[in-house]
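No lab work stands behind these numbers, since they all come straight from the coordinates. None of the values given here were measured: they were computed from a predicted structure. Because the Cβ atoms are built from the backbone with ideal geometry, glycine has one as well, and the counts that use them run over all protein chains shown.
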Amino acid sequence: MSPELVIVGILTSGIRLATPYLYAAIGEAFGQRSGVLNLGVDGQMLLGAFAAFYVTFTTGNLWLGLLAAVIVGALMGLAMAFVTVNLQAVQGISGIGFYLFGLGMSELLFKMLVGTVKTVSGFQPIAIPVLSKIPYIGQVFFEQSIMVYGAFLLVPIAWFVLNKTTLGLKIRAVGENPEAADSLGVSVARVRYFTVTLGGILSGVAGASMSISLLNLFQENMTSGLGFIAVALVYFGAWKAWGVLAGALLFSLINASQLWMKVLEVPINSELASTLPYILTIIVLAMSASRVRSPSALTKPFDRGD
């Protein structure tokens, strides 16, 4: 296989594999910008992935499957918002609890309702007229599924909302100084409910992008900790949409490279290659801790008082 084809293959796979990272990390970025850390992203993704797969498997309708993932993600997000905003639980611990719930519940539902690994016909690549005909570039960027296009379109939308709208100003104000935002008439609880629920929805969609677009199946713990990498990407991207995009592409290209190493039978230990994304996660977190400043109110509950 020629080097050009290998590079195109890696880039095409990297763009495709960035999809769940982008959905989950952008959703988490909204929550963290308002002051809420959600470590339950992976569990939300698993339940969203199962909901999308099961509804698609039983109805044959991909859009109903995607809707199911949105609903499940929204419910998980609302539950997380209630625990962190109303009950003011420690966000890290409650997030891990939601992760374990999503992991266990998705496995239980899979065993009860499906039993064995089965496949569905997922979203297929859509070639963009004219652009898809551009040599090399067309295949990489313009022959992807609608889930991939949606993930990349989400980046400029998130940037615009957070930086150019009144809603974005409220979100950033609540994440930096909730007391000052409250004194100006901004409802801290409503803003955090909105962002955490939105994060849940996008985590559900991230799971759906795996089960009915990338892999077209569901299996136990299919995310393999991808949700935690998404949380790390928010730190890597310094809570900015474009930074999250850069991090997602970095991780997905490394993942794609190690997959192509197996295809090309490169003489490297497969277990070592599979650990590369997780090693990079540790490095990213270590570097981000000293490089960026997190929102001032991140993980801090807000009590309005009387």
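Assorted remarks:
- Unit charges at the beta carbon, dipole of the chain: most positive-side option, Gly48, Tyr149, Leu214: Tyr149
- Directionally averaged shadow of the chain, computed from the convex hull of its alpha-carbon atoms, nm²: 17.1 nm²
- Segment 182-233 and segment 9-26 have their alpha-carbon centroids 15 Å apart.
- Residues whose amide H lies under 5 Å from that of Ile126, counting only those 5 or more places away or on a different chain, are Gln144, Ser145, Ile146; hydrogens are built 1.01 Å from N in the peptide plane.
- Set of lysines near Lys111 by C-alpha distance (under 25 Å), chain-local residues within fewer than 8 positions excluded: none
- In this rough spin-label picture, where each label sits 7 Å from Cα along the Cβ direction, the Ala180-Asn163 distance is 2.0 nm.
- Separation between Cα centres of segment 65-116 and segment 30-49, rounded to whole Å: 9 Å
- Restricting the trypsin sites (Lys or Arg not before Pro) of segment 32-123 to loop positions (DSSP other than H, G, I, E, B) with no more than 11 neighbouring Cβ atoms within 10 Å leaves nothing.
- The Ile128 and Ile93 beta-carbon pair, evaluated with R₀ = 51 Å, returns a calculated FRET efficiency of approximately 0.65.
- Only Lys, Arg, Asp and Glu carry charge here, each on its Cβ (+1 for the first two, -1 for the last two); on that basis the chain has a dipole of about 480 debye about its Cα centre.
- Relative contact order (percent, whole number), segment 3-291, Cα cutoff 8 Å, 6+ residue spacing: 37 percent
- Förster radius 45 Å - calculated FRET efficiency between Asn61 and Ile7 (Cβ-Cβ, nearest 0.05): 0.75
- Among the chymotrypsin sites (Phe, Trp or Tyr not before Pro) in segment 1-77, none sits in a DSSP loop with a Cβ that has at most 16 other Cβ atoms within 10 Å.
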